[in-house]
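Quick notes on the structure that follows.
Nothing in this text is a laboratory measurement; each read-out follows from the coordinates by a stated rule. Quick caveat: nothing in here was measured; it's all calculated off a predicted structure. Positions of Cβ are backbone-derived with ideal geometry, glycine not excepted, and every protein chain shown enters the neighbour counts.
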């Protein structure tokens, strides 16, 4: 196809829109940060509406057509392509019909504090009981601690689901999942194929955990509130080995042993209760990057900080000339790649050398816990399959009970006894619909990275001072300049797929 230079008017229009978008996105991220810290309400955030107004104009539509046509293969063309994706997103997820009810549900979820032992507490208190309390009755109460909240929100979520489906149909898609999966280059059938391969080794391993739990506790039952406790029981890690007081310095020191520049580790860290394990916000990458974590110590809060720090380090090391190219978080289609960044950093707290250095952890405990790292990925992919299937049911099959669908699949994968499923609503379903897909992709992407790092660099994954430069040069610095599938293939020499994950799981489960 013949190509000609973009007109000066087209370049000026796209640059002006991108500059204004940067200002809006920065304000929106700072608003999200204040909301997460409890300093503002979700309904008080005007910036998504401002973003929609900016991207919905006819002048931009004409400039995008001209920019894509004339700038194919150039940075201008790439910026026009990313803007076009954002325009489509605001017509669906940021539409007038969706944004107001979504913000109301977000506020209800963010403001909730579960009642535990007669008082309102942060979620981490309940999550800790689910992981560590030896009483099955206590763990069962912890498992259902937020259920009353989300059951109250179910009618609102179902209304939101229909609004999202209607907005996607108005944009030319058959359903919201069709649009959402297309941003990652997937279809529903393609996602099911990835899950089938990824789950190949999960059932036998989950039953191994069930048998270990029964042998060690003498309990005859097996339910969702037993799985994380079984993992914790096998490792036996004492909380005193992961003090809250030194958590930030401990985590950053460990990440530094991957050889990142010191500037990559300079980002703000705040502590506050959250509906999720942690949060990273990027008001102005690479300059302004922030994380929020729960105000407690213990292995899993450390684990969450490693994950959020992975996002932060990637954002601090991006090197691109414009806003759209600097911040892939702002563009649909990068969720799996971004979560792979965080997921790779999670491998540090699973590593035997790091665990051996923690006070009060024996060599045997370090070996046992480290051996769970790969097997833990099977637990994760099983839970993600349940989450994803349940949410797809909500959008694609309105007459079915999504919670019952999830319970049936969970029993097949994990071998659970019959149990009452929790609500199908949660904070992710409200704020980040079908985000479980991103974590599925992330498990596969990071397995492909680990395989390539081992082949290219040799030695252990951690500590290894060549890993950081490898990640920066091959992945992080590129931002959104190219799509993640191209980046994964360029870095690993293989097309994206479940092969590396399958090989890793096969080796681990054959031991």
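For residue 412, put the label point 7 Å out on the Cα→Cβ axis and report which residues of segment 193-217 keep their amide N under 19 Å from it.
Only 193-208 fall inside the zone, counting backbone N under 19 Å.
So what's the angle, to the nearest 10 degrees on a 0 to 90 scale, between helix 202-217 and the longest Cα principal axis of the chain?
On a 0 to 90 degree scale, this one is about 40.
Need one number: % antiparallel among DSSP beta bridges in the chain, to the nearest 5.
Numbers: 7 of 11 bridges.
Of the beta bridges lying entirely in the chain, close to 65 percent run antiparallel.
Rounded, prolate or oblate for segment 292-394? Axes are the square roots of the Cα gyration tensor eigenvalues, ordered a ≥ b ≥ c, and the cut-off for rounded is a/c under 1.5. Please list the in-between numbers first.
Numbers: a/c = 2.44, a/b = 1.39, b/c = 1.75.
The shape class here is oblate.
Please tell me the relative contact order of segment 1-118 in percent, rounded to the nearest whole number, where contacts are Cα pairs under 8 Å and at least six residues apart. Write out the running numbers ahead of the final one.
Details: 90 pairs, mean separation 37.1, N = 118.
Normalised by residue count, the contact order of segment 1-118 is 31 percent.
Can you give the extra length, in nm with one decimal, that the chain gains between residue 137 and residue 61 once fully stretched, where that is 0.36 nm per residue apart less the Cα-Cα distance? Mind dumping the intermediate values first?
Numbers: separation 76, 0.36 × 76 = 27.36 nm, distance 5.79 nm.
Stretched out fully, the residue 137 to residue 61 stretch lengthens by 21.6 nm.
Relative to the longest principal Cα axis of the chain, at what angle does helix 58-70 sit, 0 to 90 degrees, rounded to 10?
90 degrees
Which percent, to the nearest 5, of DSSP beta bridges fully inside segment 263-418 are antiparallel?
On the way: 5 of 9 bridges.
Of those bridges, close to 55 percent are antiparallel.
Would you mind checking the tilt of helix 402-414 against the longest principal axis of the Cα atoms of the chain, expressed as 0 to 90 degrees and rounded to 10?
50 degrees
With a ≥ b ≥ c taken as the square roots of the eigenvalues of the C-alpha gyration tensor of segment 1-94, please select rounded if a/c is under 1.5 and otherwise prolate if a/b is larger than b/c or oblate if it is not? Can you show the working numbers first?
On the way: a/c = 2.92, a/b = 2.64, b/c = 1.10.
Note, shape of segment 1-94 comes out prolate.
For Rg and Dmax of the Cα atoms in Å, one of [x] 31.7, 98; [y] 25.4, 85; [z] 22.7, 75 was computed from the structure I shared and the rest are decoys. Which label?
Label of the calculated value: [z].
Where the centre of each part is set by its Cα atoms, how far does segment 262-329 sit from segment 434-503, in angstrom?
19 Å
What 222 nm value per residue comes from the helices of the chain, counting each DSSP H run with n ≥ 4 as -39,500 (n - 2.57) and dividing by all residues, nearest 500 deg cm²/dmol?
Working: 25 runs with 327 residues, N = 511.
Calculated from helices alone, the mean residue ellipticity at 222 nm is -20500 deg cm²/dmol.
Taking Cα pairs under 8 Å and at least six residues apart, what relative contact order does segment 42-183 come out at, in percent? Intermediate values should be presented prior to the final figure.
On the way: 109 pairs, mean separation 30.6, N = 142.
This gives 22 percent for segment 42-183.
Test of understanding: what is the full-extension gain from residue 151 to residue 203, defined as 0.36 nm times their sequence separation minus their Cα-Cα distance?
Numbers: separation 52, 0.36 × 52 = 18.72 nm, distance 2.95 nm.
Value of the extension gain: 15.8 nm.
Show me 444-452, 241-249, 214-222 ranked by packing, highest mean number of other Cβ atoms within 10 Å first.
Working: 444-452: 22.8, 241-249: 15.2, 214-222: 12.7.
The most tightly packed comes first, giving 444-452, 241-249, 214-222.
Compute the separation of the alpha-carbon centres of segment 32-46 and segment 115-168 and state it in Å as a whole number.
The two parts, judged by their Cα centres, are 21 Å apart.
How high is the relative contact order of the chain, given as a whole-number percent (alpha carbon pairs under 8 Å, six or more residues apart)?
On the way: 739 pairs, mean separation 90.5, N = 511.
Relative CO of the chain lands at 18 percent.
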